[in-house]
Amino acid sequence: MEHSNYYLHLGESIDPDEYVICKYKMKTDLNLEEAAVAIATEQSTGTWTGISTLNEDILESYGARVTDITDDMATIAFPADDFSIDIGGIPQILSVIAGNLFGLEALKGVRLEDVFFPRSILEQFKGPKFGIDGMREILRRPDKPLVGTIVKPKIGLSPQEYANYIYESGIGGLTNGKDDETLSNQKFCPLEDRVVAVAEAIDRVKDETGHIMMHAINVSTKGHQIVEVAERAQELGATELMVDVITCGFAAVQALAEDPSIKVPIHVHRTMHGAMTRNPDHGIAMLVFSKLVRMCGGDALHVGTFGVGKMIGGARDDLANQKACVDANVPYKPVMPVCSGGMHPALIEPLVKITGFDVQIQAGGGVAGHPSGVRSGARAMTQAVDAAVADIPFKEYAVNHKELSEAIEKWG
Ligand code: CAP
Ligand code: MG
């Protein structure tokens, strides 16, 4: 039974409550309708050739529909019944909307630019436990941007050297510390020793200054182990957990977020995303990952530096990522957008003008590279945030703030 024309429903309106709707940007030597039908076929009820076992009922119930092709962008609607959330969840969703299609000969390139879920699917996810408000409550920081650091060097410090970095950062006024994405349980800094030492450092900062800080311990590991590792880190005093969502999987974030024994925020790092998000003609937009991370319960997510820092991305794309984190049209708490990568105090003013104050700005090199050391680097970041909040040009603010002026002198 040849059904290729079945999947073409151009101009037909469909009920968004009954479908998962995807936007695919396509590069093809075929005509765009054939390319879009190839995606709809492969990702729903068809394959490369007509099959005798496919009938009208199956097509009608579960066949994807190409509802629009504008320029090189196809809109494809997948019936909600094509998805299985209780068993399957985000892994199964991705197998449908971001699966075999990337390897189809019919396409020279294809990029999943956006996805829209019906309420019936959204409501099967819980979203973040804490989110923006929950993190602000823990830190007693009701409205200023959160400001943090990534301990540098990424690897190599001993637990005590590591904890000293966090102590200095906290005394310098930072609200957030985090492990770097490659740090785990290496012999030079065993996870449990690091958790205990960092917890003691954070407690010391609070005892000495009243300042509250949290530090995200990287618990990225094998799927069957991550809850146990996270629970142990929490038991030893971890104030926040970090998961590398692309290398660990969205299901790993969801496992921690939905586990009632996990009672600290989850910081979601996106390392390796560039393998899929960077190419404008092939892959998956970070906007899609941002929506999925919020669904599965990340409390804070790296969204980029809006064209200001060292990593790929740009203001338009990163603004879309940030919007996905806070969009009021989905039934979840807002996720704290994290801006990180090549950040330093002189970049905070231009960044905050774009992002506003509901953001976590963090710097690794931009703190550890300060000419007067980590504490001064932390102070310079804190001063730059205070200047932005007071709407005082940071160079003017730096006149009376030595650490900030030293950072400007070094990084301009
Ligand atoms: C930043 C960082 C982060 C990047 C990730 C790094 O360090 O720790 O992992 O921000 O990029 O390893 O590069 P620096 P993104 O502050 O020294 O650059 O946030 O875009 O995922
Ligand atoms: Mg890093």
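The values are calculated or read from the model by the stated rules, or taken from the named source; none is laboratory data. The model shown is predicted, which means the values in this text are computed figures rather than measured ones. Heads up, the Cβs are rebuilt from the backbone with ideal geometry, glycines too, and the neighbour counts pull from every protein chain shown. Note: areas computed on protein heavy atoms with side chains; ligands, DNA, RNA excluded. Shrake-Rupley method; radii C 1.70, N 1.55, O 1.52, S 1.80 Å.
Centre-to-centre separation between the Cα atoms of the range 49-80 and those of the range 121-197: 45 Å. Label sites at TYR62 and LYS187, each approximated as a point 7 angstrom past Cα along Cα to Cβ, lie 5.2 nm apart. Going by accessible surface with a 1.4 Å probe and the largest first, SER220, SER290, SER405 read SER405, SER220, SER290.
A simple spin-label model places pseudo-atoms 7 Å from Cα toward Cβ; at THR271 and GLU105 they are separated by 3.9 nm. For the range 10-90, applying the loop criterion from DSSP together with a ceiling of 11 other beta carbons within 10 Å to the chymotrypsin sites (Phe, Trp or Tyr not before Pro) yields TRP48. Looking at the chain alone, DSSP beta bridges between its own residues are antiparallel in about 40 percent of cases. Annotation: ASP358 carries an accessible surface of approximately 70 Å², with a 1.4 Å probe and no ligand, DNA or RNA atoms counted.
Towards the positive end of the charge dipole of the range 65-153, with charges on Cβ (+1 Lys, Arg; -1 Asp, Glu), say which of ILE87, VAL151, ALA74 has the farthest Cα. Positive-end residue among those listed: VAL151. Under the convention that each Lys and Arg Cβ holds +1 and each Asp and Glu Cβ holds -1, the size of the dipole of the chain around its Cα centre is about 1680 debye.
Cβ-Cβ distance of TRP48 and ASP71, R₀ of 25 Å, FRET efficiency by 1/(1 + (r/R0)^6): the value works out to about 0.40. Using only alpha carbons, the chain has a radius of gyration to Kirkwood radius ratio (Rg to Rh) of 1.03.
Between ILE87 and ALA315, the FRET efficiency estimated from the beta carbon spacing at R0 = 35 angstrom works out to 0.30. Is there a quick way to get the dipole size of the range 4-122? I mean about its Cα centre, with the Cβ of Lys and Arg at +1 and of Asp and Glu at -1; what is the value in debye to the nearest 20? The calculation lands at about 440 debye. For the chain, the relative contact order comes to 15 percent (Cα pairs under 8 Å, sequence separation of at least 6). Counting only protein heavy atoms and using a 1.4 Å probe, the accessible area of ARG204 comes to about 110 Å².
Once R0 is set to 56 Å, what does the formula 1/(1 + (r/R0)^6) return for the Cβ-Cβ distance between ASN5 and LYS222, expressed as a FRET efficiency to the nearest 0.05? If you can, show how the numbers build up before the last one.
Values: r = 46 Å, r/R0 = 0.82.
Here the calculated transfer efficiency is 0.75.
Summarising the amide proton neighbourhood of ASN218: residues at separation of 5 or more, or on other chains, whose placed amide H is nearer than 5 Å comprise ASP179, MET242. How would the range 342-409 be classified by its alpha-carbon gyration tensor: rounded, prolate or oblate, with rounded meaning a/c under 1.5 and the a/b versus b/c comparison settling the rest? Oblate, because a/c is 1.5 or more while a/b does not exceed b/c. Normalising the average separation of contacting C-alpha pairs (under 8 angstrom, six or more residues apart) by the number of residues puts the relative contact order of the range 228-380 at 16 percent.
Taking every Cα-Cα distance in the range 4-122 and sorting them into 5 Å bins starting at zero, the pair-distance distribution P(r) comes out as 2, 12, 24, 26, 21, 12, 3, 0 percent. The GluC sites (Glu not before Pro) of the range 1-74 that DSSP puts in a loop, and whose beta carbon has at most 11 other beta carbons within 10 Å, are GLU2, GLU12.
A protection proxy built from the mean count of other Cβ atoms within 10 Å ranks the segments 336-344, 299-307, 121-129, 318-326, most packed first, as 299-307, 336-344, 318-326, 121-129. Normalised by the number of residues in the range 4-122, the mean separation of alpha-carbon contacts (under 8 Å, six or more apart) gives a relative contact order of 41 percent. The label point for ASP143 and the one for LYS206, both projected 7 Å from the Cα toward the Cβ, are 2.6 nm apart. Since only ALA98, PRO331, ALA384 are under comparison, the one whose Cα sits farthest along the positive direction of the charge dipole of the chain, derived from C-beta charges on Lys, Arg, Asp and Glu, is ALA384. Take the alpha carbon atoms of the range 325-377, find their center, do the same for the range 278-307, and report the distance between the two centers in whole angstrom. Answer, in whole Å: 16.
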